[in-house]
Amino acid sequence: MAQKLAAQGVSDRLVLSAMGTIERHRFVDSALINQAYEDTSLPIGLNQTISKPGVVARMAELLRNGASGRLGRVLEIGTGCGYQAAVLSLLANEVYSIERLRGLHDRARENLRHLAIGNLHLLFGDGMLGFEKGAPYAGIIAAAGGEAVPQAWIDQLAVGGRLVAPVSGGSGTAAKQALVVIDKTPQGLRQTVLEAVHFVPLKSGIA
Ligand code: SAH
């Protein structure tokens, strides 16, 4: 997987090493195991999907922004099956990952048990509110896309920190998602809009 990602242009060594270490087949249904190493998103139940490895690597690389060592604290919104959270746990000192669907939160816990990752904290709740107790974060990464970046995320980002999230532009059914990077600098926020992406919707509340 790391070789394929490198060929796609991912160059951050820590990201490539993390992607080569975390076994994606352990996070998908047994019926889908033979597709686990293809660059495609796959269903994980409750109408949600595990992101494409190419997108996980791309976002992780953006989040790291060329840092030499691990990032400090990172918040992930949308634990899903826990795959990206496991990857992030190798890229940051502490990872807080929050999921709004109880079924997936429990499933991620189950999937991650074999890895016994000490620096990964799985939370059940509405990630639109962020997770104040872990703030400020060096990085915030969202695996679900809303129409705007919630103010709570911006507030909980450290100065010098970076947020990477899919955001929908336009309106109604024609709304298109793009990857957005927001840097919180001492001079204020700097936003960059990157390529089109397809993520499940960011929803409020828990279920
Ligand atoms: N990173 C995941 C991708 C899961 S898909 C993986 O590696 O598998 C995105 C997830 O975001 C879904 O599980 C969805 O339930 C969750 N989600 C959507 N809105 C949310 C919110 N407000 N708070 C927390 N999780 C949310």
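Within a straight-line Cα-Cα reach of under 18 Å, residue 4 can be paired with the following aspartates and glutamates, leaving aside sequence neighbours fewer than 8 residues apart in one chain: 12, 23, 38, 39, 61. Toward the positive end of the charge dipole of region 102-207, with +1 on the Cβ of Lys and Arg and -1 on the Cβ of Asp and Glu, the farthest Cα among 148, 105, 129 is that of 105. Close amide H partners of residue 92, meaning residues 5 or more places away or on another chain with modelled amide H under 5 Å apart, are 71. The stretch between residue 4 and residue 195 holds 66.8 nm of extra length on full extension. This uses 0.36 nm per residue minus the Cα-Cα distance.
Projecting the Cα positions of 49, 95, 193 onto the charge dipole of region 2-201 (unit charges on Cβ atoms of Lys, Arg, Asp and Glu, taken about the Cα centre) puts 95 furthest along the positive direction. Where in region 75-101 does the label zone of residue 46 land, with the point 7 angstrom along Cα→C-beta and an amide N cut-off under 13 Å? Counting backbone N atoms under 13 Å from the label point, the list is 78-82, 98-101. Region 132-207 and region 62-120 have Cα centres separated by 17 Å.
Starting from the alpha-carbon convex hull of region 1-85, give the projected area averaged over all orientations, in nm².
Average of the hull's projected areas for region 1-85 equals 5.6 nm².
Per the Cα gyration tensor, region 42-116 maps to an equivalent ellipsoid with semi-axes of 22, 14, 10 Å, ordered largest to smallest. Rounded to the nearest 20 debye, the dipole size of region 1-69 about its Cα centre is 140 debye, using +1 on the Cβ of Lys and Arg and -1 on the Cβ of Asp and Glu. Structure remark: mean-square fluctuation, Gaussian network model of the chain, C-alpha springs under 10 Å; the largest value among 143, 116, 18 belongs to 116.
Stretching the chain fully between residue 30 and residue 106 yields a gain of 25.6 nm (0.36 nm per residue, less the alpha carbon separation). Return the single residue from 117, 98, 44 with maximal mean-square fluctuation; model: Gaussian network over the chain, springs between Cα atoms under 10 Å. Evaluated over the chain, the most mobile residue of the options is 117.
Just so you know, the Rg over Rh for the chain is 0.93, from Cα atoms, with Rh as the Kirkwood radius. For residue 124 and residue 11, a Förster radius of 41 Å and the Cβ-Cβ distance give a FRET efficiency of 0.70, rounded to the nearest 0.05. Per-residue 3J(HN,Hα) values for region 57-62, derived from phi via the Karplus relation 6.51 cos²θ - 1.76 cosθ + 1.60 with θ = phi - 60°, read 5, 4, 5, 5, 5, 4 Hz in sequence order (x marks Gly and Pro). Here residue 176 is the anchor, and the lysines within straight C-alpha reach of less than 19 Å, apart from those fewer than 8 places off in the same chain, are 52, 203.
When the chain is treated as a Gaussian network with alpha carbon springs shorter than 10 Å, the biggest mean-square fluctuation among 14, 46, 157 belongs to 46.
Bear in mind these aren't lab numbers, they're just calculated from the coordinates by the rules spelled out. The structure presented is a predicted model; accordingly, all values stated were derived computationally and were not measured. Counting neighbours? That spans all protein chains shown, and the Cβs are built from the backbone with ideal geometry, glycine included.
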